[in-house]
Each structure stands twice: as C-alpha cells, then as structure tokens.
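The values are calculated or read from the model by the stated rules, or taken from the named source; none is laboratory data. Because the structure is a prediction, the values reported are computed rather than measured. Here the Cβ positions follow ideal geometry from the backbone for every residue, glycine too, while neighbour counts run over all protein chains shown. Ligands, DNA and RNA are stripped out before the accessible areas are found, and what is left, the full protein with its side chains, is counted by its heavy atoms. Shrake-Rupley method; radii C 1.70, N 1.55, O 1.52, S 1.80 Å.
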Amino acid sequence: MPLLKIQNISYLPILKPLSFEIKSGEIMGIIGANGAGKTTLLKRILGLLKSKNSNDNANNNEQIFIKNDNAKNSANYINFDDLSAIEIAKKISYLPQKNDCFWNISVEEVIKLGLLPYKNFYSNNFFTNSAFNNDFQAKLNSILDATNLTNLRQKSINELSGGEQIRVHIARSLIAEPNILIADEPFANLDLYQQQQVIKLFKNYIQSQKKYNKSRGILISIHDLLLAAQFCDKLLLLKSGELISFDIPKKVLTAENLQLAFNIKVKQIQLDNPPFYISFNDNFVD
C-alpha cells in the first residue's frame, strides 16, 4: 500500500502536472538537470509553493494523500487538504538545501526545533530550560547518539564543520519520527565518508519503522546518478518540469533517458553488479 499518493501536482509553467506514489519503506530519488523542477516539486508537495492559477483545471485536480496509520478507526488515506499545517508538519519533515543558522545556539537547541509541531511538550522557556516531556528527552538522546552528536550537543552549531552541521539538521528532521522525510540535495558538499554516514542514517530511519509500527519513506532530490542508483529504490526523472521516467534505477538510468534529460551521450552503463559506473562520450549532443 502506498505511503504517499501524488495526483496531478504542478506549478505551471515550471512544473507540469505529474502523478506518482511512494511506498512505505521506500527511498525515492528525484533526478534531472539544473532547472528541471526538482526543488519546485518538493516545495509543492510541502505546500511551500502554492498553485499560481486556482482556475487552472490541472491545479483543481491536484491532490496529495498520505497513508493513515490509524486506519482501523478511519479512512485508509488522509487528504492533505483536510490537515492543518501543524498536522502536516507532524507527518513530514523537510531538509532544505541551505540550512544556515544565524543564531549562536547549541546543537541540542537546533535539534529540538524539530519538535515544534509538538510544542505543548516543551517547558515555557524553550531555549533556557531543556526539561520537557521525558519521552521527548529520550528521543533527543537517542537521535544525538544515532547521528554521533552526543559529544557536541552543547557546542554552537556555527562552530561545527559542514558535515557535522548537516548531521545536526538531519537529526532535527528525524527527531519527531515523521512518516516522510523530504530532503533537497542532502549529499551536496559532503565527502565520501560523510555521504556514507548520511546514507546509514537514512536507512536506519527507514528500517526502524517496524520497531515503532509507523510507516516511513524518504523523498530526496539528488545530482549524483551513481549514488542515486545504489541508494534509491525508485527514481523519478524530470526534464523541464515534465516526467520522463519513473521506475527502478536500472530502468530509469538508460542511455536514451540520460541523453534526453541531460543532453549528453552515454558510452556504457553498468548497474547490475559492482563496480557500478556510467561512462560518457567526450562530446556533447549537438
């Protein structure tokens, strides 16, 4: 059963109407050239971008449904239109491309921002008194440990390296245990070791759904095609706001699709067994 169902979502003229589904336990990557509409798609799902023209027939048919984990007492799916912004924030966490912090606050305080949808669990003075509900204190300790940040919890986030800061924001995104994590280029500017650490965090988040009896999925935009092929269960390929292909990586990352989407000629693709590689011709498509 799908975890998230997207129907006819668009942001004309940048993003043409498209539909797809994400299953529970699935990591789905959005790929495409710069300007293809990857970030726009993520922001439309989140509601950060609204339909430009409410009279557009395509926009009138837009719908987003999320699986209801409490379906025994209600419908199997919940329409986003029936949820408040806070209710959506409890179900979906967002990790944007840029996570600059302009305040001199600690790692622990940044991570606690991920609990804002549950602000009734906090003490009155959020930043000076960290004594809040014991369950959430346990969650904080657990996510600090999972992201290897326990020893840095009292340090200012602005004192950390870029890779450490990304781990902090991933912890902020996951502490509330959302059903879906939406991440925009989470591997950008990370070295190989840091990439592997982030992948491990994401996979542990997905695998822990059985422990918490809670459906989970990840939707990310990603530029590294080999990383996408090895890390993602499904890929959605965009070109100029249009859906080119949506399937398992092997079926999406074909020579024909890559030439169409990136305007480059592919020499050879090996995705069946290690070593994985995609080799390109020296010349660009005329």
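Observations, loosely collected:
- Here the range 3-56 is the region considered, the condition is being of a type in the set (A, V, I, L, M) and part of a helix (DSSP H, G or I), and the residue that is farthest from Asp233 (Cα to Cα) is Leu46.
- Within the range 64-80, at least one residue is at pLDDT below 90 and either among the hydrophobic types (A, V, I, L, M, F, W, C) or touching a Cys at 6+ places or on another chain (Cβ under 6 Å) (or both).
- Glu242 vs. criteria on the phi < 0 side of the Ramachandran plot, in contact (Cβ under 8 Å) with a residue 60 or more places away in the chain and surrounded by fewer than 18 Cβ atoms within 10 Å (Cβ to Cβ): yes
- Among the residues of the range 275-286, the one identified as in contact (Cβ under 8 Å) with a residue 12 or more places away in the chain, over 27 Å from the mean Cα position of the chain (by Cα) and part of a loop (DSSP other than H, G, I, E, B) is Val285.
- On the stretch given as the range 136-159, residues that are in a helix (DSSP H, G or I) and out of contact with any Cys (no Cβ under 8 Å at 6 or more places or on another chain) total 15.
- Residue within the range 205-224 that is over 20 Å from Leu149 (Cβ atoms), under 12 Å from the mean Cα position of the chain (by Cα) and hydroxyl-bearing (Ser, Thr, Tyr) present: yes
- One residue stands out in the range 208-229 among those that are open to solvent by 40 Å² or more (accessible area, probe 1.4 Å) and free of Cβ contacts under 8 Å to residues at least 24 places away in the same chain: the one that is farthest from Phe20 (Cα to Cα), namely Lys211.
- So Phe102, is it surrounded by fewer than 18 Cβ atoms within 10 Å (Cβ to Cβ), of a type in the set (A, V, I, L, M, F, W, C), outside any loop (DSSP other than H, G, I, E, B) and modelled with pLDDT under 90: no
- Of all residue pairs spaced 6 or more apart or on separate chains, none has beta-carbon atoms under 7 Å together with a first member in the range 247-274 that is over 18 Å from Phe20 (Cβ atoms) and a second member that is among the aromatic types (Phe, Trp, Tyr) and open to solvent by less than 30 Å² (accessible area, probe 1.4 Å).
- Set Ile182, Ile166: member being open to solvent by less than 20 Å² (accessible area, probe 1.4 Å) and either modelled with pLDDT under 90 or not polar (S, T, N, Q) (or both): Ile182
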